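These notes concern the structure reproduced below.
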Amino acid sequence: MSSFIVTSLHAQSTAAVAKVNGVVIPQARLDFMVKAAVAQGQPESSEMRNALRENLIAEEIIVQEALKKGLDRDPDVITQTELARQAILVRAYQADYIKNNTVSDAVLRREYDAVKAQMGDKEYKARHILVETEAEAKDIIASLKKKGASFEKLAGEKSIDVGSKNNGGELGWSAAAAYVKPFAEALQNLKKGSTTEKPVQTSFGWHVIRLEDVRTAVTPPFEEVKSNMQQRVLQRNFATTVQDLRSKAKVE
C-alpha cells in the first residue's frame, strides 16, 4: 500500500469535527448523526450539518462538566448507561437479523392469502357506545328503543371511548376481524341500520353497537403490500428466534 493511501486512510480515521478542551470530537460521530437525520426525512444541508456540529460541541462541554462532578460514577447513571448500551445492541442484532434473512415470494404469498382470508370479503361501517357497566348499556338500549333518542347524541354524552364519542360513536370502515371477537360477532349478526338488542361485553367494557352499512372489501394487490408482508413475517420469525435463544440460555 502506498504511503499516500496510508496517509489518506489515517486522516479519515482521525478527522475531527472539533476539539473541545483538548478532547477530539470525531468526524464519524457527526457523519452518523447526519445519516440518522437524513433517514428520518431531513434534507442534508450545510445548515443542518452546522447545527448538528454545534449540538455535539455543546454536549461534549456538558459531558466534561459531568465527568468533573463524578456523575459517571453515580449508580443510577451507570445503570442508565448499561441499559442504553443494551438497547443499542438489541436493535443492532435485530437489524442484522432482518438484513441477513430473506423471505421467499412463496411464503409471502401464503401470508397474504392467510391475511386476506382472515379479514373476509366484507367491511362494516359501525358506531358504538362504550360504557363501564351492563346496566348503563341496557339503559341506553332502552332509551334508543322507547324514547327514540339519538344514537349519536347518546354516544357523545355517555361513551367512554374518547376516540369515537365526539364523532357520534363512529368507528369508520373496518373488517370484522379488526375488532375483538365478541364485538366482531355481534357486528356480523346485525342487519344494516339495526342496533344490538343486548349489550356486548369485551375487555374494554360494555358496548351498544349499530351497523351503519356494509360493503364488499377491496383487498390491496399483493405487490402493493409485499414489503409490509415481509416485515410482518420477519418480525414473527425474529420473535421465534429470540424464543429459541431464550430456551437455550442458562438462566438461574
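Placing a pseudo-label 7 Å from each Cα along the Cα-to-Cβ vector at VAL77 and GLU59 gives an inter-label distance of 1.6 nm. Stretching the chain fully between SER194 and GLN231 yields a gain of 9.4 nm (0.36 nm per residue, less the alpha carbon separation). Available extension along the chain between SER247 and ASP31 is 73.8 nm, counting 0.36 nm per residue and deducting the alpha carbon span. If R0 is 35 Å, the Cβ-Cβ spacing of ASP121 and ALA39 corresponds to a FRET efficiency of close to 0.35. State, as an integer percentage, the relative contact order of the chain based on alpha-carbon contacts under 8 Å between residues 6 or more apart. The value is 18 percent. Name the shape class, rounded, prolate or oblate, that the alpha-carbon gyration tensor gives for the stretch 78-142, where a ≥ b ≥ c are the square roots of its eigenvalues, rounded holds for a/c under 1.5, and otherwise prolate holds if a/b is larger than b/c and oblate otherwise. Here the stretch 78-142 falls in the oblate category.
Dipole size of the chain about its Cα centre, with +1 on Lys/Arg Cβ and -1 on Asp/Glu Cβ: approximately 620 debye, rounded to the nearest 20. Calculated accessible area for the chain comes out at 69 Å² per residue, all protein chains present (probe 1.4 Å; ligands, DNA, RNA ignored). Per residue, the convex hull spanned by the Cα atoms of the stretch 134-252 measures out at 168 cubic angstrom. Cross-link check: pairs LYS19/LYS99; LYS146/LYS192; LYS122/LYS198; LYS181/LYS248; LYS138/LYS165 evaluated at a Cα-Cα cut-off of 29 Å; pairs beyond the cut-off: LYS19/LYS99; LYS181/LYS248. Protein heavy-atom surface of the stretch 44-183, 1.4 angstrom probe: 52% of the accessible area is carbon and sulfur, with nucleic acids and ligands not counted. Using C-alpha pairs under 8 Å with a sequence gap of at least 6, the mean separation divided by the residue count of the stretch 143-211 gives a relative contact order of 19 percent.
Heavy-atom accessible area, probed at 1.4 angstrom with all protein chains present, ranks SER159, SER150, SER143, SER203 as SER203, SER150, SER143, SER159, highest first.
The modelled label-to-label distance for the pair THR240/ALA177, using points 7 Å beyond Cα in the direction of Cβ, is 1.9 nm. With R₀ fixed at 25 Å, the C-beta to C-beta distance from ILE98 to GLU223 puts the FRET efficiency at about 0.75. Taking Cβ atoms as reference points and 13 Å as the exclusive limit, the residues near LYS158 contribute a net charge of -2, counting Lys and Arg as +1 and Asp and Glu as -1.
Accessible area per residue (1.4 Å probe, heavy atoms of protein chains only) ranks LEU171, LEU71 as LEU71, LEU171, with the largest value leading. Under the convention that each Lys and Arg Cβ holds +1 and each Asp and Glu Cβ holds -1, the size of the dipole of the stretch 103-190 around its Cα centre is about 320 debye. Note on exposure: PHE204, PHE238 ranked by accessible area (1.4 Å probe, complete protein assembly) read PHE204, PHE238, with the most exposed listed first.
The values are calculated or read from the model by the stated rules, or taken from the named source; none is laboratory data. This is a predicted model, so every value here is computed, not measured. Note that we place each Cβ from the backbone using ideal geometry, even for glycine, and neighbour counts take in every protein chain shown. These area figures cover heavy atoms from the full protein model, side chains too; ligands, DNA and RNA do not enter into them. Shrake-Rupley method; radii C 1.70, N 1.55, O 1.52, S 1.80 Å.
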